[in-house]
Amino acid sequence: MTTLERALVTGGAGFIGSHLCERLLNDGLEVIAMDNLLTGDLANIEHLFGNARFKFFHHDVTNYIHVPGRLDFILHFASPASPRDYLELPIQTLKVGSLGTHKALGLAHEKGARFLLASTSEVYGDPQVHPQREDYWGHVNPVGPRGCYDEAKRFAEAMAMAYQRHHGVETRIVRIFNTYGPRMRLNDGRVLPAFMSQALRGEDLTVFGDGGQTRSFCYVDDLVEGILRLLRSDERLPVNIGNPHEMTIRQFADAILELTGSGSKIRFEPLPVDDPKQRRPDIGKARSALGWEPKIPLQEGLRRTVEYFKAKLGALAR
Ligand code: UDP
């Protein structure tokens, strides 16, 4: 009998973590999801509990992590990740990026597991180079409100590289750009849940600033495919995974109004401090090193996502 590969996903009850757990189970692995449920939600993984290859550990990874048995992979996705979440939880965000990454790397070293860090386009800050390539070092305000997230992830990247160089741990770093899909939290403050729930409820869409700032939105299934290709690859330096299709937030609001057929109006609100003016990944490296590029067009991804939000809002209304 061949032994199955075994993976630990920290933040496994979160938006991206839960999709990763599901995909790894579908690929035939044993999966342990670990989460302290601060921003994660058991509802995201409830449907996995019937699978004999799935386990859930309720644990805060900033404390010593004990996992019995072998581990082949550790995917470190634990962290508050929306601007509203990390503004409300700045210390937990710094702790999970620093102490949590240290604990998860220590576990990888101990188990001889390959480690993949969920990093972020926020390491580029409010970028002065466009689109962002992996060799751009970024433009981050360490003492601004986003500093707790940006610097925690920059520290986490440095820590992963130190474990790779000093201890020989196999590490991979994915820099995740704006991602969307089912299981985003309704009230995490991010632009997609905000606009979708406003449009479906007939409320004004709250566009921050003049809506001229840009983002590039990647559907979660595309992201997960890119992450798993990176995990299996030999690429030891960071790789951007995101969708290079860039649009203004105003255009994004219009796309959601069109999709939902909502009669909601746009309401302009002040731009948050240090809100990046533009963001688009250069995915040349993902293309050449992983043979990856996103496949799901925005209209299709939004169509799938709106079904989830309709069901969520319907359940709330009952
Ligand atoms: N945004 C907005 N209205 C909202 C929420 C967000 O206009 O209700 C804008 C926000 O200012 C930013 C963009 O949408 O320019 C993306 O914000 P999000 O919080 O989703 O993530 P970010 O890319 O800033 O990390």
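The values are calculated or read from the model by the stated rules, or taken from the named source; none is laboratory data. Worth saying up front: this structure is predicted, and the values here are computed from it rather than measured. A quick note on method: Cβ atoms are made from the backbone with ideal geometry, for glycine too, and the neighbour counts reach across all protein chains shown. For the accessible areas, the whole protein counts, side chains as well, though only heavy atoms, and no ligand, DNA or RNA atoms are used. Shrake-Rupley method; radii C 1.70, N 1.55, O 1.52, S 1.80 Å.
Table: residues versus (1) closer than 24 Å to Thr10 by Cβ; (2) of a type in the set (Ser, Thr, Tyr); (3) touching a Cys at 6+ places or on another chain (Cβ under 8 Å).
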site: Glu88; (1), (2), (3): yes, no, no
site: Ile91; (1), (2), (3): yes, no, yes
site: Lys95; (1), (2), (3): yes, no, no
site: Leu116; (1), (2), (3): yes, no, no
site: Thr120; (1), (2), (3): yes, yes, no
site: Trp137; (1), (2), (3): no, no, no
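Within the stretch 88-95, is there a residue that is within 21 Å of His19 (Cα to Cα) and open to solvent by 30 Å² or more (accessible area, probe 1.4 Å)?
The answer is no; no qualifying residue exists.
Give the residues of the stretch 66-87 that are over 19 Å from the mean Cα position of the chain (by Cα) and surrounded by 20 or more Cβ atoms within 10 Å (Cβ to Cβ), sorted by residue number.
Correct list: Leu71 only.
Considering each of Phe217, Phe177 in turn, give the residue that is within 12 Å of the ligand (Cβ to nearest atom), open to solvent by less than 30 Å² (accessible area, probe 1.4 Å), aromatic (Phe, Trp, Tyr) and touching a Cys at 6+ places or on another chain (Cβ under 9 Å).
Result of the check over Phe217, Phe177: Phe177.
Output yes when any residue across the stretch 256-268 is in contact with a Gly (Cβ under 8 Å, 6 or more places away or on another chain), of a type outside the set (Gly, Ala, Ser), surrounded by 14 or more Cβ atoms within 10 Å (Cβ to Cβ) and within 20 Å of Gly212 (Cβ to Cβ), and no when none is.
yes
Can you tell me which residue is surrounded by the most Cβ atoms within 10 Å (Cβ to Cβ) among those in the stretch 163-174 that are of a type outside the set (Asp, Glu) and farther than 20 Å from Tyr149 by Cα?
Thr171
Taking the residues in the stretch 243-252 that are part of a helix (DSSP H, G or I) and crowded, with 19+ Cβ neighbours inside 10 Å as candidates, determine which candidate is farthest from the ligand (Cβ to nearest atom).
Here the answer is Phe252.
Which of the residues belonging to the stretch 1-60 are under 29 Å from Tyr86 (Cα atoms), open to solvent by 20 Å² or more (accessible area, probe 1.4 Å) and in a strand (DSSP E or B)?
Of everything in the stretch 1-60, those that are under 29 Å from Tyr86 (Cα atoms), open to solvent by 20 Å² or more (accessible area, probe 1.4 Å) and in a strand (DSSP E or B) turn out to be Lys55, Phe56, Phe57, His58.
Does Asp210 fit the bill of being assigned to a helix (DSSP H, G or I) and within 16 Å of the ligand (Cβ to nearest atom)?
Criteria not met by Asp210.
Considering only residues that are open to solvent by 20 Å² or more (accessible area, probe 1.4 Å), of a type outside the set (Lys, Arg) and under 19 Å from the mean Cα position of the chain (by Cα), which ones fall in the stretch 221-242?
Across the stretch 221-242, the qualifying residues are Asp221, Glu225, Leu237.
Give the residue, chosen from Ala118, Ala152, Ala162, that is part of a helix (DSSP H, G or I), closer than 24 Å to His76 by Cβ, among the small types (Gly, Ala, Ser) and within 16 Å of the ligand (Cβ to nearest atom).
The match here is Ala152.
For the stretch 279-295, how many residues meet the condition of being surrounded by fewer than 18 Cβ atoms within 10 Å (Cβ to Cβ) and outside any helix (DSSP H, G or I)?
3
Is it the case that some residue within the stretch 134-143 is within 16 Å of the ligand (Cβ to nearest atom) and over 20 Å from the mean Cα position of the chain (by Cα)?
For the stretch 134-143, residues within 16 Å of the ligand (Cβ to nearest atom) and over 20 Å from the mean Cα position of the chain (by Cα): present.
Which pairs turn up if I take residues in the stretch 138-166 that are on the phi > 0 side of the Ramachandran plot and look for partners that are crowded, with 16+ Cβ neighbours inside 10 Å and in a helix (DSSP H, G or I) with beta carbon separation below 7 Å, at least 6 apart in sequence or on another chain?
Gly138/Val123; Gly138/Tyr124
Does the stretch 110-124 contain at least one residue that is open to solvent by 50 Å² or more (accessible area, probe 1.4 Å), of a type in the set (A, V, I, L, M, F, W, C), within 23 Å of Gly17 (Cα to Cα) and at pLDDT 95 or above?
no
Of everything in the stretch 172-191, what is over 18 Å from His19 (Cβ atoms) and either polar (S, T, N, Q) or in a helix (DSSP H, G or I) (or both)? Give them in sequence order.
Result: Asn187, Val191.
Looking at Ala194, is it open to solvent by 10 Å² or more (accessible area, probe 1.4 Å), small (Gly, Ala, Ser) and in a helix (DSSP H, G or I)?
When the stated conditions are applied, Ala194 passes them.
Hey, could you check the stretch 180-198 for residues that are in contact with a Pro (Cβ under 8 Å, 6 or more places away or on another chain) and more than 8 Å from the ligand (Cβ to nearest atom) and say which is nearest to Glu246 (Cα to Cα)?
Going through the qualifying residues, I end up with Met184.
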